[in-house]
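Only one structure is covered here, and it is reproduced in the block below.
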Amino acid sequence: MAPGKPILKITGMLGALVAAVLVLTGRANADRYPLDTLSPKSDLTREILWLFKEVTILDSIVLAVVVVALGLAIFVFSSRTGEPGAPSVKHSDMWLEMAWTIIPALILIAITVPTVRTIVHTQPDRWPQGALTVRVVAHQWWWEFQYPSLGVTTADEVHIPANRVVHFELVSEDVIHSFFMPAIGGKRDVVPGQVNQITLDADVPGEYWGQCTEFCGIEHADMRFRAFVDTPGDFDKWVAHQLEPPVKPDSGPAADGAKIFANAPCAICHTIKGVSGFSKEYNFGFRGPDLTHFGERTTMAGSIMDNTPENVAKWIENPDALKPGVKMPALGLSGPELSELVAYLESLK
Amino acid sequence: MSDHAAQPAHAVGHHRAEEAHHPGPVTYIVIAIVLTILTAFEIGVFYAPFLQAILVPLLIILAICKFYLVAAYYMHLHFDSRVFTALFMFPLWLAMLIVASLMLLFLYLSHHLVT
Amino acid sequence: MAAQPRPIHIEQANYLEGGGIVGWLTTIDHKRIAILYGMSALVFMMVGGIEAMFIRAQLIVPNNTLLSPTVYNEIFTMHGLTMIFLVLMPLETGFFGNFLIPLQIGARDVAFPRLNALSYWVFILGAITLNLGWVFGSAPDAGWFGYANLTSRYYSPGPNIDFFDIGLLILGVSSVMGALNFFVTIINMRAPGMTFMRMPMFIWAVLVTVILILLAFPALTVGLIFLFMDRYFGTNYYQVIAGATPILWQHLFWIFGHPEVYIMALPAFGMISEVIPVFSRKPLFGYPMMAYSLILIAFLSYGVWGHHMFATGMGPVADSAFAITSMLIAIPTGVKVFSWIATVWGGRLRFTTSMLFAMGFLIEFTIGGLSGIMHASAPIDLEQTDSYFIVAHFHYVLFGGVLMGILAAFYYYWPKITGRMLNETLGKWHFWITAWAYNATFFPMHFIGELGMPRRIYTYAPNMGFDFWNKFESINAFILGFAFLLFFINLAWSTTNGERASSDPWDARTLEWSIPSPPPIYNFAIAPAVNSRDAWWVMKYGNVESHGLDGTAAAPPPATAAEIASIHIPAPSLFPILIALGIFSMGIGMLIAWYRMILIGAALMAFCVLSMAFEYPRWGEEDEHAVSESFLGLDMRKVGIWSFIGSECVFFASLISTYMVYKARSQGPFDAQILSIPLTSFSTFILLMSSLLMVLALAGFQRNDRFWGTFWLFGTAFFGCIFLGGQVYEFGDFWLEHGMVFNTNLFSQCFYTLVGFHGFHVFIGVVWLITMAIAGALGKIDSKRALSVEICGLYWHFVDIVWVVIFTLVYLMRTIKQA
């Protein structure tokens, strides 16, 4: 007795319908989902998307064949009492077996050839003369960005020019992380002891999000960053601004805050160029993000929250409450001292 | 540990009597002498300056010879059922694949040291 | 504890009865051992399921604070470890494998019943070790594949990773022992007439699986040993100091890890291949190709491991190579799916719960396999890896695929195992709720993966596109949990209220259905004579192609009382559980750094191993493991030792590979400066000569010359001791003259580890030789017992061969450093 065939049919179709609706509505808005992997904005991610679409189509065909064949088999051959005719006992068929070996092989070749082409094409060992090199340094649990040729160091947010080859060098200060910028870069692991690369050419200016995607300890979930693709003009402006010395407030709470910074342990981990930050030998000023132009960043603390005075205050007061396990200690600052320090930091535009 | 009413039908033809084709002690001693000579060759190759260029392939060949002699004669593979040779060959190839792959993979990695 | 084999009384109805608790603790009956595995695995299924419920509860809303990141990281790690090592593997090989292999091949038990029991006790103690972390508030927390260098003592200072390391080492020992046992059983103990091409497909699947276990676990063992050394002895296998790299762990782990997923998948394939033909009343379609595809999948599975590392920067050549091999492995897998569908096609289908789960398996595993093809393309994987897309993929193949296959097998085999039918109505509810809830939980993970949600995150920000689907998944996950509750209720209910099962309630095709449910202790009163595939079907209906719808099945002739009374069952033994306790004690001793406990454990283990080796046959008794019992005419212990040697090849290959790649990266003293060729040449000569003495000893015993046999055995042991003395001198010289200790640099650590482990093998060999020599001196070895000397010899010669390789690669091919 074949149970529930109608149930099977209806459930299956209903489920597929619901899923389809939700997927399509979801994908229609995908662009506003900042980590979307299917909205490419660079040459690299466009090649990847092409491959993805090809495989999805081929996969869907195969799935359809399997589902239809099995579904038909189930519906047609379920036993019913009194059914006349004996079941077939055919258990081999050379042509069929060859077909379902060779056809999948051909499909796989159709996937493998462009795959290998893309692999080779997207991992060049040479870059054009005008390429920009950005050195990404991964720490537990924040991202540092250096521009060796420009002399710029920042954290949490990386700026790159559009329509120019950018070559990311990935190094880690501690454990294995993974640098994931779905819209423009795919991902590449950041492995201590070696230098990994991503080479890309982003062509749509905008703000793109990224996150660490290799489990790296307690706060792996909160190791995020922002990537800004600027027009070449905007990029040059940004670089020039980064090279300027930090704001030195003369009066007001910010000025008091500057004094607090200079006297508190902040300087041991955080660099503000010309104010704090010692030689790398002593590992001073490099354990935490560079704060020289902190005020103009949109996010903070591994890009887990917006850079607002309230958030900065909460963070300094008790970092562990916002990011349990973080390496920054609570400094015992509160009240007016805290707000002065916050004012100073936010003034570092 | 139990009795069978029926004798097993040896449908597969891997059946060589264990006691046939046994090398005698003389053969074993001869093999031991050959192994010693091969080892002496290896050490000679190691110290001979004019052979340094082909040190690696020569050593590998000599090692394979020793390996074969011990496996085929002392471990009796030459005389035993081919099942045992198959049982040894597959893991051996896998082992060589692992060593070769890892060496190649790390060769690439050595171009990626921290700068 | 040695006892004579005892005769069977006809009143002893089935294997489940009698013996009390002690009977279960000392059992060596494969069916009881299977029950022990099964019940343990079901308990861990509940544990792993609860861990999953916690994960989903934490992820139901963004920025949730139900679980702290510390606890969450432990929970997702343990969920993975539990499901893989404590649920899927023990259910497939420990439970179903153990129970069914002898029954399907027409044997009375497995090749080495006490080793079988030992595998179980080591398993359960390893499982406890892994979970002991919970008790101390420090469960493993670096993911189930624990990537270095996060797992180093510096970045994971607590004992969490030690529980991971030692727990997995112990579990690995259990798996390898079980695999060796099943391998020898299937090769050697098939019923007369059961050639390879007439075996049930489940047996094919398990055969290939155990080969994978034997040849994959050693790589993991080596990786774990290196981790242990880093954490306890300050070596630098996985640190970035002095030239090492954490990538080494990934390679060693995935060389094991990819075969591991096939170790999980293949038995489920086998189970499906049993269930579908029975409920379609048709033979399995394309049997030969199904068998060959299993072999091809196993073979290829050793060549695809890099696809887990596409993001690590292996370079375009390696990426392309692994992409190609990973695509290749899809072909034999596809052949299987199509063959199963072709089996269903044209049959007379019965939708029992078992068959429903089999149908579910086909769809879900196909979906999982297809998303796998996506990941196999390295560039696509750079978007998908480490995201929820991967989580979707492996839950589709492992849960929708493997676990549904296991559930199909549960509903199918429960009557045979317990003698009771499961409730079909409850079963169908279980299936339909699972079918909905499972897909609703895991299919949307493809969506959120595409939307960029990384895996292993304890929380996520709102408005990323993850909110709705995570909530949807979590709610359905709880429903899925409920469905499993129905399953457990069904199992419990059936043991008292289930309809009593006949020997063949499903009108099935293979030999296990020709005996009562539950089976008697001795399985088969008379060894079945096999003339074809689907042996039981042919006995009933005359030929494989018969559809069996006309006429009644012929019943097998009942066994006579005389035949049953002449069956001897080997006696139970206390040693397996004691040996396991010794190993456990060593593990715990290492965990808490209490060295006395390690020594006591080692002593207990050594004493019990020796006792068990001499337990029976008792001296003077006929060796019961007669060659005549063996299908291929090969002695079981010889097949066993060669399988073990195969496994050791991979073990030493992993050690040698590490030595070769690290000596080039080492800084400081290197081989050409330290190693002494003259000394080592002498040691090499000694070891080669010891092999000569060994064969002379064997030849002596084979011609019944006990004096010379014993003499040469002592000689071999003596030469072994000289070799060991040379090693001790060499190590001492390096230490005292060159100041080279274990963790001086990469060269020193790899050298000492590789040569040290080889020396340890020599040491075990010497102990073995001395034991045999003493037995020889006491007159216990004669030409009929010469095989035990041959087995020892094979081990000894293998150790010699490994030295030939080490001597060449380590000593003679010294590094030529540029000035």
- Criterion violated by C:Val802 - all others in (1) crowded, with 21+ Cβ neighbours inside 10 Å; (2) at pLDDT below 95; (3) in a helix (DSSP H, G or I) satisfied: (2)
- Query: Considering only the stretch C:561-603, how many residues are within 21 Å of C:Met229 (Cα to Cα) and in a helix (DSSP H, G or I)?
  - Reply: 16
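Could you check, for the stretch C:225-236, whether at least one of its residues is touching a Leu at 6+ places or on another chain (Cβ under 8 Å) and assigned to a loop (DSSP other than H, G, I, E, B)?
So the first thing to find is which residues in the stretch C:225-236 are touching a Leu at 6+ places or on another chain (Cβ under 8 Å), and the list is C:225-226, C:228, C:236.
Checking the rest, the ones that are also assigned to a loop (DSSP other than H, G, I, E, B) come to C:236.
Looking for residues that are touching a Leu at 6+ places or on another chain (Cβ under 8 Å) and assigned to a loop (DSSP other than H, G, I, E, B), one finds at least one in the stretch C:225-236, hence yes.
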- Residues located in the stretch C:201-250, provided they are within 25 Å of the chain's Cα centre (by Cα) and not aliphatic (A, V, I, L, M): C:Phe202, C:Trp204, C:Thr209, C:Phe217, C:Pro218, C:Thr221, C:Gly223, C:Phe226, C:Phe228, C:Trp249, C:Gln250
- Task: Collect the residues in the stretch A:29-77 that are buried (at least 19 other Cβ atoms within 10 Å of the Cβ), more than 8 Å from chain C (Cβ to nearest Cβ) and either free of Cβ contacts under 8 Å to residues at least 40 places away in the same chain or assigned to a loop (DSSP other than H, G, I, E, B) (or both), keeping them in residue-number order.
- Result: A:Ser39, A:Pro40, A:Lys41
- Message: What's the total number of residues in the stretch C:769-791 that are outside any helix (DSSP H, G or I) and either under 13 Å from C:Thr716 (Cβ atoms) or basic (Lys, Arg) (or both)?
- Response: 1
- Query: If you take the residues of the stretch C:528-561 that are more than 11 Å from every other protein chain (Cβ to nearest Cβ) and modelled with pLDDT under 70, which of them is farthest from the chain's Cα centre (by Cα)?
  - Reply: C:Gly551
- Residue tally, condition under 19 Å from C:Ile686 (Cα atoms) and touching a residue at least 24 places away in the same chain (Cβ under 8 Å), over the stretch C:774-803: 11
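Please verify whether C:Leu422 is within 26 Å of C:Gly97 (Cα to Cα), in contact (Cβ under 8 Å) with a residue 24 or more places away in the chain and not in a helix (DSSP H, G or I), treating the condition exactly as stated.
yes
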- Specify which of the listed residues (B:Ala53, B:Ala63) is without any contact (Cβ under 8 Å) to a residue 24 or more places away in the chain and at the interface with another protein chain (Cβ under 7 Å from one of its Cβ atoms). B:Ala63
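Within the stretch C:732-757, count every residue that is in contact with a Pro (Cβ under 8 Å, 6 or more places away or on another chain) and in a helix (DSSP H, G or I).
Summing the residues that are in contact with a Pro (Cβ under 8 Å, 6 or more places away or on another chain) and in a helix (DSSP H, G or I) in the stretch C:732-757 gives 3.
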- From C:Ser474, C:Ser517, C:Ser532, residue being farther than 30 Å from A:Lys90 by Cβ, outside any helix (DSSP H, G or I), among the hydroxyl-bearing types (Ser, Thr, Tyr) and touching a residue at least 24 places away in the same chain (Cβ under 8 Å): C:Ser517
- Message: Given (1) polar (S, T, N, Q); (2) more than 9 Å from chain C (Cβ to nearest Cβ); (3) assigned to a strand (DSSP E or B), identify the lone condition not met by A:Asn163.
- Response: (3)
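Rundown of residues vs (1) more than 7 Å from chain A (Cβ to nearest Cβ); (2) buried (at least 24 other Cβ atoms within 10 Å of the Cβ); (3) at pLDDT below 95, yes/no style:
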residue	(1), (2), (3)
C:Ala321	yes, no, no
C:Gly360	yes, no, no
C:Phe365	yes, yes, no
C:Leu370	no, no, no
C:Ser377	no, yes, no
C:Tyr388	yes, yes, no
- Query: How many of the residues making up the stretch C:655-692 are charged (D, E, K, R) and more than 10 Å from every other protein chain (Cβ to nearest Cβ)?
  - Reply: 2
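Yes/no per residue for (1) touching a residue at least 40 places away in the same chain (Cβ under 8 Å); (2) in a loop (DSSP other than H, G, I, E, B); (3) farther than 15 Å from C:Leu591 by Cα:
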| position | (1), (2), (3) |
| --- | --- |
| C:Pro140 | yes, yes, no |
| C:Ala148 | yes, yes, yes |
| C:Arg153 | yes, yes, no |
| C:Pro157 | no, yes, no |
| C:Leu169 | yes, no, no |
- Query: Any chance the stretch C:630-644 includes a residue that's facing another protein chain (nearest Cβ under 9 Å), of a type outside the set (A, V, I, L, M) and in contact with a Lys or Arg (Cβ under 8 Å, 6 or more places away or on another chain)?
  - Reply: yes
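Only one residue in C:Ile816, C:Ile764 is surrounded by fewer than 17 Cβ atoms within 10 Å (Cβ to Cβ), part of a loop (DSSP other than H, G, I, E, B) and either within 14 Å of chain B (Cβ to nearest Cβ) or at pLDDT 95 or above (or both), so which one is that?
Values: C:Ile764 fails: part of a loop (DSSP other than H, G, I, E, B).
On inspection, the qualifying residue turns out to be C:Ile816.
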- Query: Could you count how many residues in the stretch C:287-320 are under 10 Å from C:Ala378 (Cα atoms) and without any contact (Cβ under 8 Å) to a residue 24 or more places away in the chain?
  - Reply: 1
- Message: Which condition from (1) within 36 Å of the chain's Cα centre (by Cα); (2) within 27 Å of B:Gly44 (Cα to Cα) is the one that C:Leu698 breaks?
- Response: (2)
- Pick from the stretch C:463-472, criterion within 12 Å of another protein chain (Cβ to nearest Cβ) and under 12 Å from C:Ala440 (Cα atoms), ranking: surrounded by the most Cβ atoms within 10 Å (Cβ to Cβ): C:Trp469
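Take the stretch A:111-124 and flag every residue that is more than 7 Å from chain C (Cβ to nearest Cβ) and touching a strand residue (DSSP E or B) at 6+ places or on another chain (Cβ under 9 Å).
If we filter the stretch A:111-124 for residues that are more than 7 Å from chain C (Cβ to nearest Cβ), which is where we start, we get A:113-114, A:117, A:121, A:124.
Matches in the stretch A:111-124: A:Pro124 only.
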- Message: more than 26 Å from the chain's Cα centre (by Cα) and surrounded by 22 or more Cβ atoms within 10 Å (Cβ to Cβ): is that true of A:Val312 in this structure?
- Response: no
- Task: State the number of residues belonging to the stretch B:48-83 that are touching a helix residue (DSSP H, G or I) at 6+ places or on another chain (Cβ under 8 Å) and assigned to a helix (DSSP H, G or I).
- Result: 16
- Would you pick out the residues in the stretch A:92-120 that are surrounded by fewer than 15 Cβ atoms within 10 Å (Cβ to Cβ) and either touching a residue at least 12 places away in the same chain (Cβ under 8 Å) or among the charged types (D, E, K, R) (or both)? A:Asp93, A:Ala110, A:Arg117
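The values are calculated or read from the model by the stated rules, or taken from the named source; none is laboratory data. Because the structure is predicted, anything quoted here is derived from the model rather than measured. Using ideal geometry, Cβ is built from the backbone for each residue, glycine included, and neighbour counts are taken over all protein chains shown.
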